[in-house]
Amino acid sequence: MKIKDCLLELLFPSRCAFCRKITGDRKQLCRDCEGKLPYTGGSSGMQFFKNVDGCVSPLFYEGTVRESLLRYKFGGCAAYGTVYGKLIAKCIDENSISCDIITWVPLSRRRLRKRGYDQARLIAESVAGELKVPCEKLLVKLRDNPAQSGVGNMENRRKNVSGVYGTVNEELFYGKRVLLTDDIVTTGSTLSECASMLKKAGAAAVYAAAAARKKD
């Protein structure tokens with residue numbers, strides 16, 4: 001460990017993103033949590049949604065995982081994106097998903113200003129670093145719709161995201177396999193809408209990945 005890193009560790013000790021215990025060595029996942037997190041089961045965790053050629057999530061959205069993701073989204077814990085990305089990258093390898101470019105489900109400008117960072121983008125960049133695949137902005141949010149968590153059933157969620165997203169930089173993904181990332185997947189409505197836009201603009205395939213998903 002470099003001197004600078006040692007000083008940072010002394011002043012600001014690393015904590016596990018899930019249980020918040022001090023870990024050391026700039027790690028964000030302690031050994032206890034690594035062994036007992038609610039994993040989806042690697043290659044058995046694949047989901048399928050309309051327009052999505054396969055969606056993987058390493059974790060179930062429950063317990064300390066849920067608490068961690070809430071801190072990530074609403075508590076300013078932006079650094080958690082790194083450990084989520086590492087877990088997702090491992091899950092992608094376990095499911096033999098191959099992609100040419102990685103992107104993310106974008107926030108609206110208003111929510112980005114309020115939060116200060118785009119949580120899905122940080123995850124995408126971490127996954128890209130692990131897989132050595134380019135990460136680019138391919139989607140934009142055209143309007144600030146209500147949060148999916150507050151609109152009710154699957155049909156309402158589908159309507160809530162209809163026409164909300166558009167594509168940019170189409171030349172970067174035309175004819176290519178895209179991996180679309182997000183933090184949490186529930187009904188898959190948002191991923192389906194984004195994947196639809198990407199395919200209409202020329203993507204050959206759209207896979208998706210999120211840090212966690214809710215149990216069926």
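Side notes on the structure shown:
Yes/no matrix, rows are residues, columns are (1) farther than 20 Å from Phe74 by Cβ; (2) modelled with pLDDT under 95; (3) among the basic types (Lys, Arg):
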position: Gly150; (1), (2), (3): no, yes, no
position: Arg158; (1), (2), (3): yes, yes, yes
position: Ser162; (1), (2), (3): yes, yes, no
position: Tyr165; (1), (2), (3): yes, yes, no
position: Val168; (1), (2), (3): yes, no, no
position: Leu172; (1), (2), (3): yes, no, no
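- Once the stretch 61-84 is narrowed to residues that are open to solvent by 30 Å² or more (accessible area, probe 1.4 Å) and aromatic (Phe, Trp, Tyr), the residue that is modelled with the highest pLDDT is Tyr61.
Rundown of residues vs (1) within 20 Å of the chain's Cα centre (by Cα); (2) modelled with pLDDT of 95 or more; (3) open to solvent by less than 50 Å² (accessible area, probe 1.4 Å); (4) under 21 Å from Asp183 (Cβ atoms), yes/no style:
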{"residue": "Asp5", "(1), (2), (3), (4)": "no, no, no, no"}
{"residue": "Cys16", "(1), (2), (3), (4)": "yes, no, yes, yes"}
{"residue": "Lys27", "(1), (2), (3), (4)": "yes, no, no, yes"}
{"residue": "Gly35", "(1), (2), (3), (4)": "no, no, no, no"}
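- The residues of the stretch 50-78 that are under 18 Å from Val127 (Cβ atoms) and part of a strand (DSSP E or B), listed by number, are Val52, Asp53, Gly54, Cys55, Val56, Leu59.
- Hits in the stretch 183-206 - residues which are surrounded by fewer than 24 Cβ atoms within 10 Å (Cβ to Cβ) and either in a strand (DSSP E or B) or at positive phi (or both): Asp183, Ile184, Gly188, Gly202, Ala205
- Boolean, Leu87 is modelled with pLDDT under 95, crowded, with 17+ Cβ neighbours inside 10 Å and within 14 Å of Thr181 (Cβ to Cβ): no
The values are calculated or read from the model by the stated rules, or taken from the named source; none is laboratory data. Everything numeric in this text was worked out from a predicted model, so none of it was measured. As a convention, Cβ positions derive from the backbone with ideal geometry for all residues, glycine included, and neighbour counts pool all protein chains shown. Surface areas here come from the heavy atoms of the whole protein model, side chains and all, with no ligands, DNA or RNA. Shrake-Rupley method; radii C 1.70, N 1.55, O 1.52, S 1.80 Å.
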